[in-house]
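Remarks on the structure that follows.
The values are calculated or read from the model by the stated rules, or taken from the named source; none is laboratory data. No experiment lies behind these values; they were computed from the predicted model shown. Heads up, the Cβs are rebuilt from the backbone with ideal geometry, glycines too, and the neighbour counts pull from every protein chain shown. The accessibility values were calculated without ligands, DNA or RNA, using every heavy atom of the protein model including side chains. Shrake-Rupley method; radii C 1.70, N 1.55, O 1.52, S 1.80 Å.
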Amino acid sequence: MSGSLNTLLSPCQIPASKSVTNVWTWVDGRIRTMISVVALVVCLAGLVWSLDNGLARTPPMGWLSWQRYRCNTDCVQYPDDCISEKLYMRMADLLVSEGYRDLGYKYVNIDDCWMSRNRSKDGSLQPDPVRFPNGIKSLANYVHLKGLKLGIYEDFGTKTCGGYPGSKFYLQQDAETFAAWGIDMVKLDGCYTDVSDMDEGYPIMGFYLNQTGRPMLYSCSWPAYIKQKDFALYQKIAKYCNIWRNYNDIGDSWDDVSGIIEYYGKDGGNFSKVAGPGNFNDPDMIILGDYGLSYDQQRVQMAMWAIMASPLLMSNNLETVKPESKALLQNRRIIAINQDPLGIQGTRIVKMNGLEIWVKPLAPKGKSIAFAFLNLNHGGGPSKVSYPLNKLGAMSPQGYNVTDGFTGKLIGTYKSKDKVTVMVNPTGIFLGVANFLGQ
Ligand code: GLA
């Protein structure tokens, strides 16, 4: 079922397949909630709810604390690096002053370890009082006044991965708390729960988020916890979540980046096919500006996350990002490929001798493409890569202008049977854009 956000606020819109017993397992365990959910299920048993909150029409962009700042709660030894309201306020300031916001990096996302170890007496989540003395609502106001959005982290299980209170038995209450605080994105992790519960629990949390009436982008870690993933599962996930992690956590290394690219290249269960406006696979954070990648490898991450239509959530210290990394993060051409309105996830079409070729159709459909020649080899010097445009799907007899996706420089004008030939550095990339020359 599709519709505007308003149409989603009907109390009868809940996954129709829920049995009362299952719902009981998932929701708070409080009588009030059970009764209301039972009533919802009964009142429109035939109606199938789906997420259609109008968000993530293109991959979301912003900043997320986890990879760079982890669960550092020691504000005595690390006053600038601990998970605290000061950190998020500083990053919000930098997103604006360094020009990121105006390029689309709008979300400032809190990750794990923001909470107090205990819920309040009425069961509400509360932030750590020392590290967030003004509370999350005040932080959300601060961020909103800067034209930014605030994301938050919770977990579907009894605890977050870092051991803080999870949402199990409090789903509705937590969704309402997030809405009252003015949250704009919720990342719901999947530690400390039975994986078989996710199939019903994640949709229910999505329902509660929508029921608040506040548009909150819903980021699900659901598929990352499921070993065997097929197309039907991805279709279901795309129905209930805006974005979803489906693979391992990224660390600050080339092995992590190349491992994720390989996973996306294999595209098990054809997950690329469910991506589109409103729904995107999330290969995890951007690590440009950290310590682990060479300049060429940073180009690879940026270009490949654009080709894969991936969320661009940086996890770095925006204060110390080197100019060359900042230039890549702020490259308008790459951002435009990532944010292309068709929202098609690019796929790998060739993998041979450490070289890969990837293609992402761009708008206008059938006329422009972005493509990548990726060299995963570590040794020696640049490799020559040569490939005909028509095999990339650029078939027009009128021909194409091919430009460098990073610089916009014209590489050449080609007929569709012509080969584009370029040199590609080790653990490096050539990103091309082929624009149709006809009408
Ligand atoms: C999991 C997630 C990470 C991060 C941590 C926090 O590992 O995949 O992205 O949120 O939990 O504990």
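Numerical summary
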quantity	calculated
Some residue of segment 197-204 being free of Cβ contacts under 8 Å to residues at least 60 places away in the same chain, open to solvent by 40 Å² or more (accessible area, probe 1.4 Å) and not hydroxyl-bearing (Ser, Thr, Tyr)	yes
Where Thr212 falls short, out of the listed (1) within 16 Å of the ligand (Cβ to nearest atom); (2) under 23 Å from His144 (Cβ atoms); (3) among the polar types (S, T, N, Q)	(1)
Members of segment 304-326 found to be more than 25 Å from Val186 (Cα to Cα) and open to solvent by 10 Å² or more (accessible area, probe 1.4 Å), listed by number	Glu319, Thr320, Val321, Lys322, Pro323, Glu324, Lys326
Tyr105 being of a type in the set (Phe, Trp, Tyr), in a loop (DSSP other than H, G, I, E, B) and closer than 26 Å to Trp244 by Cα	yes
Search result, residues across segment 396-424 that are at pLDDT 95 or above and not in a strand (DSSP E or B)	Gly399, Gly405, Phe406, Thr407, Gly408, Lys409, Lys415, Ser416, Lys417, Asp418
Qualifying positions in segment 82-104 - more than 17 Å from Asn141 (Cα to Cα) and touching a residue at least 60 places away in the same chain (Cβ under 8 Å)	Glu98, Gly99, Tyr100, Leu103, Gly104
Residues that are part of a helix (DSSP H, G or I), more than 15 Å from the ligand (Cβ to nearest atom), open to solvent by 30 Å² or more (accessible area, probe 1.4 Å) and in contact with a helix residue (DSSP H, G or I) (Cβ under 6 Å, 6 or more places away or on another chain), drawn from segment 223-234	none
Enumeration of residues in segment 241-255 that are within 15 Å of the ligand (Cβ to nearest atom) and either within 13 Å of the chain's Cα centre (by Cα) or of a type outside the set (Asp, Glu) (or both)	Cys241, Ile243, Trp244, Arg245, Asn246, Tyr247, Asn248, Asp249, Ile250, Gly251
One residue from Cys161, Cys220, Cys191 being within 16 Å of the ligand (Cβ to nearest atom), touching a residue at least 40 places away in the same chain (Cβ under 8 Å) and not charged (D, E, K, R)	Cys161
Criterion (farther than 18 Å from Gln297 by Cβ and either open to solvent by 20 Å² or more (accessible area, probe 1.4 Å) or at pLDDT below 95 (or both)) met by exactly one of Ile337, Ile369, Ile344	Ile344
Output for segment 139-171, where each listed residue is part of a helix (DSSP H, G or I), in contact with an Asp or Glu (Cβ under 9 Å, 6 or more places away or on another chain) and open to solvent by 20 Å² or more (accessible area, probe 1.4 Å)	Tyr142, His144
Among (1) in a helix (DSSP H, G or I); (2) within 16 Å of the ligand (Cβ to nearest atom) - the single one Asn281 does not satisfy	(1)
Residue list for segment 356-382, restricted to those being among the small types (Gly, Ala, Ser) and closer than 22 Å to Asn425 by Cβ	Ala370, Ala372, Gly379, Gly380, Gly381
Residue that is nearest to Ser221 (Cα to Cα), among those in segment 172-190 that are open to solvent by less than 10 Å² (accessible area, probe 1.4 Å) and outside any loop (DSSP other than H, G, I, E, B)	Leu188
Residue match in segment 194-208 (condition: in the same structural domain as Asp267 (by TED's automatic domain parsing), within 15 Å of the ligand (Cβ to nearest atom) and within 17 Å of Tyr170 (Cβ to Cβ))	yes
Matching residues in segment 209-222 - criterion: being closer than 15 Å to Asp174 by Cα and assigned to a helix (DSSP H, G or I)	Leu209, Asn210, Gln211
Tally, over segment 277-295, of residues that are touching a helix residue (DSSP H, G or I) at 6+ places or on another chain (Cβ under 8 Å), open to solvent by 10 Å² or more (accessible area, probe 1.4 Å) and under 20 Å from Lys236 (Cα atoms)	1
